[in-house]
Amino acid sequence: MGNESSINVFFLSGLNETMNHRITLFSVTLICYCLIFLLNVSLVVIIISDKNLHEPMYILLCAFCLNTLPGTTGFYPKFLWDLLSPVHLISYSGCLIQALLVYSYALSDLSILALMAYDRYLAICRPLQYHSIMTKKRLLQVVVFSWLTPFCVMGINIFLTSRLKLCSSNISRIVCINWIIVQLACSSSDTMINNIVAYITIIIYVFHGLFIIWSYMYLIKTCISSLENRRKFMQTCVPHLTSLLTFLVTILFDLMYMRFGSKNLPQTFQNFVAVEFLFISPIMNPLIYGFKSVSIRKRIQVLAGFK
């Protein structure tokens, strides 16, 4: 990445006010990361190992859990290292890579949630056409598309950022955020393209969110009139809706604060807002599907020796 500035290292100053509790934070964060990894990998293994779960809904769930791993790995190991280090540094290229991994994960989550909503729409509203539309080949294509497209979109944002001449190396967060790096540019006129592309990215994924909301509103309207559809909705759509609401609340909170929030708020609160989507959704999602999905819950009971 051809950075034109002379800055090679960023200082992450977000931990400066919390270093008195760093051992406690390290322990809690390590437990959190291990829990995220264990829960998501376990759900992926359960789905892959059980042929009865090789259906589009569960394959999308498998992709959803797999997507969590690179996103959280882009943050947690570096954060754990910083908690044990007296100086919190990250290389310029490392910062851009972290921002790419973390935020392409968030965008990809939204893409997969949109696919899940479409899958439920087809299953409930167009059941006779479901299997002809959601073929294995097409499913594989849309899953790969939902991973690669957000990665490329964020890659464009990161590339544009890498071309900026920066006049500061201080990032007042515990994680590298593309928007914050852009704000470090020496000239605001140089960031015009970055801002345009950033807002285009936001608009694209806002439409993802609107499509998901419309899909579930349509599903609720359709399912009210049929007892069978209501049962199917409760069994398969409630976990999706819970995941969606958890994700949207956390990511919108971060996005709104990043764009309009006050810098006078406590640093601890700013840190929480910056990374909440990296621990709330990754932990909640496998738990939600593990408890609410009947097929997955039965498989877990069999593996645990309960019948």
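The values are calculated or read from the model by the stated rules, or taken from the named source; none is laboratory data. Source: prediction; values computed, not measured. All Cβ positions, even for glycine, are placed from backbone atoms using ideal geometry, and neighbour counts span all protein chains on display.
A few remarks follow.
- Residue tally, condition touching a Cys at 6+ places or on another chain (Cβ under 8 Å) and loosely packed, with under 13 Cβ neighbours inside 10 Å, over the stretch 196-220: 0
- Condition check for residue 204: among the β-branched types (Val, Ile, Thr), modelled with pLDDT of 75 or more and farther than 22 Å from residue 45 by Cβ: yes
- Residue ID - surrounded by the most Cβ atoms within 10 Å (Cβ to Cβ), chosen from residues in the stretch 178-189 that are assigned to a loop (DSSP other than H, G, I, E, B) and modelled with pLDDT under 85: 186
- Pair list, Cβ < 9 Å and 6+ apart or interchain, from the stretch 89-110 residues that are within 19 Å of residue 245 (Cα to Cα) to residues that are basic (Lys, Arg) and buried (at least 22 other Cβ atoms within 10 Å of the Cβ): none
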